[in-house]
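Every read-out reported here was derived from the displayed coordinates using simple, explicitly stated rules and does not represent laboratory data. Computed from a predicted model, the values in this text were never measured in an experiment. All Cβ positions, glycine included, derive from the backbone under ideal geometry; neighbour counts span all protein chains shown.
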Ligand SMILES: Nc1ncnc2c1ncn2[C@@H]1O[C@H](COP(=O)(O)OP(=O)(O)OP(=O)(O)O)[C@@H](O)[C@H]1O
Ligand SMILES: [Mg+2]
């Protein structure tokens, strides 16, 4: 089953988690079927079109890594995926998001779960847009939005040059998710110890406690695919 995107990313919405009506109230209300609020069991944000249809089944090879990563997601843990360019990190992250979705989609609860695919570069771009006097969003709103997601994929962290301040904000996001035991999938071209050195020493220690580190050591599939097509990559 393909993941289906929710429109309009909402601002921090702890209110999403406030139970609307108790089960007893629903059962005793004759208008129950009419008045029951329509909601998706899981709201999905930021799904990249390019990764549509990617799954662990069509990620060739990596059987050990796929098994470890899938078990972590089933267990409620996080996953850190590292590897060089084009080795399938984002593909694996998207596939894991789908596994998480399949696990939770039929759960009966009174609020929607939220899952999001967030390119790290977009996170830092959004933070920068809070700098100005006329900014409509505050830095704290940005952090809270991504702290409350039940599953957050942070794709490609470490690729961008960011200020000390942005690094500390990113650390704060990870630390909050760590403290709240919220599942997080992080992909990076950097190994965990290098990412720690680049962002904050305390980050590596937290990420390794949150779940397994998965290393993808294969070839660059983009180059491979473009060679096969006989063209340059788009
Ligand atoms: N093992 C694989 N089997 C099948 N397709 C793969 C595999 N590895 C990569 N691909 C495909 O190659 C393309 C690039 O993969 P992906 O975007 O996941 O790479 P990445 O490791 O995230 O690269 P980057 O570091 O540049 O972000 C995608 O279309 C992906 O589906
Ligand atoms: Mg990627």
| said: Can you compute the FRET efficiency between residue 144 and residue 227 using 1/(1 + (r/R0)^6), with r the Cβ-Cβ distance and R0 = 45 Å? Round to the nearest 0.05. | reply: 0.50
| field | Average Cα contact separation per residue, the range 40-224, under 8 Å, 6 or more apart, as relative contact order % | value | 35
| request: Assuming R0 = 45 Å, can you tell me the calculated FRET efficiency for the pair residue 57 and residue 135, based on Cβ-Cβ distance, to the nearest 0.05? | output: 0.55
| Virtual spin-label span in nm between residue 75 and residue 171, 7 Å along Cα→Cβ | 2.8
| request: Pop the C-beta distance of residue 104 and residue 201 into the FRET formula with R0 = 22 Å and round what comes out to the nearest 0.05. | output: 0.05
| Whole-percent pair-distance distribution, where bins are 5 Å wide, for the alpha carbons of the range 40-224 | 1, 8, 17, 21, 21, 16, 10, 5, 1, 0, 0
| task | Please provide three numbers in whole Å: the alpha-carbon extents of the range 152-194 along the principal axes, with the largest listed first. | result | 28, 22, 17
| Would you list 138, 187, 87, 130 from fewest to most Cβ contacts within 10 Å? | 138, 130, 87, 187
| request: Could you please rank 165, 100, placing first whichever residue has the fewest other Cβ atoms within 10 Å of its Cβ? | output: 165, 100
| Which peptide among 198-205, 148-155 comes first, and what is the full order, when sorted by highest mean count of other Cβ atoms within 10 Å? | 148-155, 198-205
